[in-house]
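Q: One structure coming up, written as structure tokens, with questions to follow.
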Amino acid sequence: MDEDALEIEVINQTVSIFTPREGEVIIPEIPADISNEQADSILKSYVQQKRAAIDSSGWLLFLYDSLYCPGDSYLYLIEAELGLDLSSFYCCHSKKLAVERVMDYDSISVLSDRKKNTDTIRTIGTVAYSRMFFSSDYKTVYFFYTFHPEWRFCTHQGISYFVSMKKIGGVWVLRNVCAVF
């Protein structure tokens, strides 16, 4: 089996499921030392700019161009929680990902994180996938998915999920999703 092609297939079938929609993640930067009227004005201007940019070009989602190796502490947690043997994750190395093979969806363009411009008002956030480990028959896959929103001046660092999927009738179907952080 071509694992690279299977990884892209899994990403294409899951990125739209796990990634929050645009309105849930983008907030404007409002200085703390201004009046409420000034803050309202900044917010209204921001919303107008955002709507104009989105209406003309759509949203941007950035995808890391490598599949990362999850930390041991997360692996122990998942093994204990789900009773799985994740030993194949422990000694892995990150792996390059052909982001250009990941499809855009809805009005969202998926681009390599290397093309990221943090000033864009159209950015939803950045997504990362871990190395994927397939069962010997290539019918089950395990991986971590991480989303980092484009929140301005916010301490929220994103969320990660441990995902288990099974291939049924040529389509990857979710078996288990466990939030990690």
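The values are calculated or read from the model by the stated rules, or taken from the named source; none is laboratory data. Please read these numbers as outputs of a predicted model, since none were measured by experiment. Here the Cβ positions follow ideal geometry from the backbone for every residue, glycine too, while neighbour counts run over all protein chains shown. Protein only, heavy atoms only, side chains kept; ligands, DNA and RNA dropped before computing areas. Shrake-Rupley method; radii C 1.70, N 1.55, O 1.52, S 1.80 Å.
Q: Could you tell me how many of the residues in region 53-73 are part of a helix (DSSP H, G or I) and either at pLDDT 70 or above or touching a Leu at 6+ places or on another chain (Cβ under 9 Å) (or both)?
A: In the first step, residues of region 53-73 are kept if they are part of a helix (DSSP H, G or I); the result is 53-57, 72-73.
Right, trim to either at pLDDT 70 or above or touching a Leu at 6+ places or on another chain (Cβ under 9 Å) (or both) and you get 57, 72-73.
Going through region 53-73 one residue at a time, the tally reaches 3.
Q: Next question, about the same structure. So F133 fits all but one of (1) among the aromatic types (F, W, Y); (2) modelled with pLDDT under 85; (3) farther than 30 Å from A52 by Cβ; what number is the exception?
A: Failed condition: (2).
Q: Out of everything in region 5-30 that is surrounded by 11 or more Cβ atoms within 10 Å (Cβ to Cβ) and in a loop (DSSP other than H, G, I, E, B), what residue ends up being modelled with the lowest pLDDT?
A: Only one residue tops the list, namely V25.
Q: Also, I was wondering about something else. Sort out which residues of region 82-113 are in contact with a strand residue (DSSP E or B) (Cβ under 6 Å, 6 or more places away or on another chain) and touching a residue at least 60 places away in the same chain (Cβ under 8 Å), and write them in order of number.
A: L97, V102, I108, V110
Q: Which one of these is modelled with pLDDT of 85 or more and open to solvent by 60 Å² or more (accessible area, probe 1.4 Å): D40, D33, D2?
A: D2
Q: Restricting attention to region 97-138, which residues are of a type in the set (A, V, I, L, M, F, W, C) and part of a loop (DSSP other than H, G, I, E, B)?
A: Result: L97, A98, V102, M103, I121, M132.
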